[in-house]
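For reference, the structure is listed below as C-alpha cells.
Derivation of every value follows stated rules applied to the coordinates shown; laboratory data play no part. Values in this document were obtained by computation on a predicted structure and should not be read as measured data. When we count neighbours, we look across all protein chains shown, and the Cβ atoms used for this are built from the backbone with ideal geometry, even at glycine.
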Amino acid sequence: MDALLDVKNINCGYGSLQILWDVSLNVSEGEIVCILGPNGAGKTTLLNSIMNLLSIWDGTVSFQGNEITGVDTSNIARMGVGYVPEGKYLFEALSVYENLLLGAYTVSDQNEIKKRIERVYSLFPRLAERKKQASGTLSGGERQMLAIGRALMSEPTLLMLDEPSMGLSPKNTMLVMDAVATLHQEQGVSVLIVEQNVKAALDISNRGYIIEHGRISYSGEKKDILESKEIQEAYLGV
Ligand code: ATP
C-alpha cells in the first residue's frame, strides 16, 4: 500500500546553501509521526519543502500516491494537507470565529461550515468561550489552538504541525498535544509533527525521525527512540 505521505531523497536549500541532504520519510494513514532535532537542523525547511513553499532541488514528494512535487501550495492544501506553521500566523484584527471561517474558504455549504466550527469548538472549548475576541489578544496557548482549529476547517487528511509547543507553558503544551491525540483518535487525522519538546511529541506519536544537520540520522518506533541510550543522552536530558 502507498504511504499517505512519501518523501523521497529530497535535497534543497536557500540560494546555493544546501540545508536538506537526501531526506526520505513517510507517514502512513492513521499514524502520528514526529520529526525531532536540534535548532537549525532543517525541520521547518522540510515541512516548507513538502508544501512547496520552498522549491526542492531534487527528490519527490507524493501524497495519497500522487506526486505533488512542484504542485501549488494552495492545491496541496486542497488535496488534504493541513499545515500549521511555526509562529501561528493569524489575522490579528479578526475574531476567533472569523479566523475559523477563513480556514473554510474552499467550502460553500453554510451548514457544513457551521458543523466544522462546532467540531473545532468541541475540541478546543476555550475557543468557543472567546469566539468574538480579536485573535491578536489571545494568549499563546489560545493562539496555537486557533491556528490548529483553522487548519482543521478544511478537514485535512494529514495535519502537519511545526513546533506547536513553542512558547507554551507545560500545561498548555499538554492541552494542545491532547487535542492532537483526540483528533487522531476520533477523526482519524494522520499527523506529522515537528518538535523540540521530545517528550511531549513522543507521548502522542507512533514513530519518529531525528534530523541533524539536514540529514535523517535515526528513525524508529516510539519505543526504540525512548529506549535508545544515545537519544536519551542527546535529547531527553537523561
Ligand atoms: P528551529 O527548530 O530553530 O526552527 P529548524 O530545524 O526548523 O530549526 P530550519 O528553520 O529549517 O531549522 O533552518 C535550517 C537552516 O536553514 C538554518 O541554518 C537556517 O538558518 C537556514 N535558513 C532557514 N531559512 C532560511 C532562509 N530563508 N534563507 C537562508 N537560510 C535559511
Calculate the FRET efficiency for R215 and E98 from the Cβ-Cβ distance with a Förster distance of 45 Å, rounded to the nearest 0.05. 0.60
Quick query: amide H of R207 versus all other amide H atoms, modeled in the peptide plane; which residues come in under 5 Å with a sequence gap of 5 or more or a different chain? I32, C34, K222
Any idea which of P125, N26, G208 is furthest toward the positive side of the dipole for the chain, if Lys and Arg beta-carbons carry +1 and Asp and Glu beta-carbons -1? P125
Does the range 1-157 classify as rounded, prolate or oblate by the C-alpha gyration tensor (a ≥ b ≥ c root eigenvalues; a/c under 1.5 gives rounded; else a/b over b/c gives prolate, otherwise oblate)? prolate
Name the long-range amide H neighbours of I68: under 5 Å, sequence gap of 5 or more, or other chain; modelled H, no Pro or chain starts. V61, S62, F63
Could you work out the Kirkwood radius for the range 59-109, taking every pair of different alpha carbons, averaging 1/r and inverting it, reported in Å? 13.0
Below 8 Å between Cα atoms, with a sequence gap of 6+, how large is the relative contact order for the range 53-128 in percent? 14
In debye, nearest 20, what is the charge dipole magnitude of the chain about its Cα centre with +1 on Lys and Arg Cβ and -1 on Asp and Glu Cβ, if you could check? 740
With label points built 7 Å along Cα→Cβ from the Cα atoms of A134 and W21, find their separation and express it in nm. 4.8
For the range 89-166, just run the numbers: alpha carbon Rg, then divide by 2.2 N^0.38 Å, N being how many residues it has. 1.01
Over the range 12-84, what number does the Rg to Rh ratio reach, with both radii from the alpha-carbon atoms and Rh per Kirkwood? 0.94
Using only Cα atoms, what Kirkwood radius does the range 146-207 have, in angstroms? 11.8
Hydropathy at least -0.5 by Kyte-Doolittle, axial extent at least 24 angstrom from the Cα trace: which helices of the chain, defined as entire DSSP H runs, fit? 170-187
Normalised by the number of residues in the chain, what is the relative contact order in percent for Cα pairs under 8 Å and 6+ residues apart? 27
If amide H atoms are built 1.01 Å from N in the plane of the peptide, which residues on other chains or at least 5 residues away come under 5 Å of the amide H of E212? S217
